[in-house]
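Have a look at the structure below, then the notes.
No value in this document is a laboratory result; all are computed from the given coordinates. Computed from a predicted structure; not experimentally measured. Cβ placement follows ideal geometry from the backbone for every residue including glycine, while neighbour counts extend to all protein chains displayed.
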Amino acid sequence: MSIQVLVSAMHRTNHEILEEMNIQSDAIIINQCDQDKSEKLTYREKSVHFYHLNERGVGRSRNTALIKSSADICLFADEDMIYVDGYSEMVIEEFNNHPDADVIIFSLESLNKDKPLSTINKSGRVGRKEAMRYGCARIAFRRNSILRKNIWFSLLFGGGAKYSSGEDTIFLQDCLKKGLKIYSSTKKIAYVKQEESTWFRGYNEKLFYDKGILLSTVMPRIAGIYALGLSYKYSKNKSVKMPFKDIYSNMKKGIKSEIRG
């Protein structure tokens, strides 16, 4: 069973990213920059392809990596991740333990105490509600399962797109809608630096409006109900200065609006 890491990066002019991320498997690096070229090299006896592309958007980056991929099992990754030793063997073991799994969501640990990540306390099947909690940097997937079901990342959501986040949520929800089986694993495969974001500009009106757009996209029938709970949760966050009613109001505006490209 072959393993390949698919990395989304920005303006990387050298190969130090391989050491920084502790890459121990085959890998594809999609480096969004101001040029177009590709290169192939061997790192730790593994095959690595760099694609330096004059394009923007994390969804576009992940789609390009998926098109270029060739392994049985692939892992989406961001450049601020540091993989643990032996992550390839861990991933293969989990897929062997769950032969019917199309996607497995693994544990990550944040190195920034001010930005903790959701903890996976037990392994098992993942449904639509639970899948809302996780980003794609956690997932490993059977490449053929994703391609067979024609699942891709939205170019309207995420860093570099019109709507600030949500491309990961839509991707995982599409997996479930199209009948793929998703499992969670308590095994930690990487640390995440969580030092800065390419899209986060604070808890402002646009962020909550965009979340409303996202909710109407992935769960149109219950978007309003889900927005209530989400608004309450954000209102209790000390980093959010906006009151509950304003958070909810902006989410409702997003829910009621039309998506525009």
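Key figures
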{"item": "Selection from region 115-143 of residues that are free of Cβ contacts under 8 Å to residues at least 40 places away in the same chain and farther than 26 Å from LEU66 by Cβ", "result": "PRO116, THR119"}
{"item": "ARG201 vs. criteria more than 21 Å from TYR234 (Cβ to Cβ) and surrounded by fewer than 19 Cβ atoms within 10 Å (Cβ to Cβ)", "result": "no"}
{"item": "Per-region count, region 147-162, residues surrounded by fewer than 20 Cβ atoms within 10 Å (Cβ to Cβ) and among the polar types (S, T, N, Q)", "result": "1"}
{"item": "Unique residue being closer than 30 Å to PRO99 by Cβ and of a type in the set (A, V, I, L, M) when the list is LEU214, LEU172", "result": "LEU172"}
{"item": "Single residue of ILE259, ILE255, ILE213 found to be in a loop (DSSP other than H, G, I, E, B), closer than 24 Å to PHE153 by Cα and touching a helix residue (DSSP H, G or I) at 6+ places or on another chain (Cβ under 7 Å)", "result": "ILE259"}
{"item": "Some residue of region 11-20 being assigned to a strand (DSSP E or B) and on the phi < 0 side of the Ramachandran plot", "result": "no"}
{"item": "Candidate set: region 125-159, residues that are of a type in the set (Gly, Ala, Ser) and in contact with an Asp or Glu (Cβ under 9 Å, 6 or more places away or on another chain); chosen: the one nearest to TYR226 (Cα to Cα)", "result": "GLY135"}
{"item": "Residue among SER165, SER110, SER184 that alone is surrounded by fewer than 17 Cβ atoms within 10 Å (Cβ to Cβ), among the polar types (S, T, N, Q) and under 15 Å from the mean Cα position of the chain (by Cα)", "result": "SER110"}
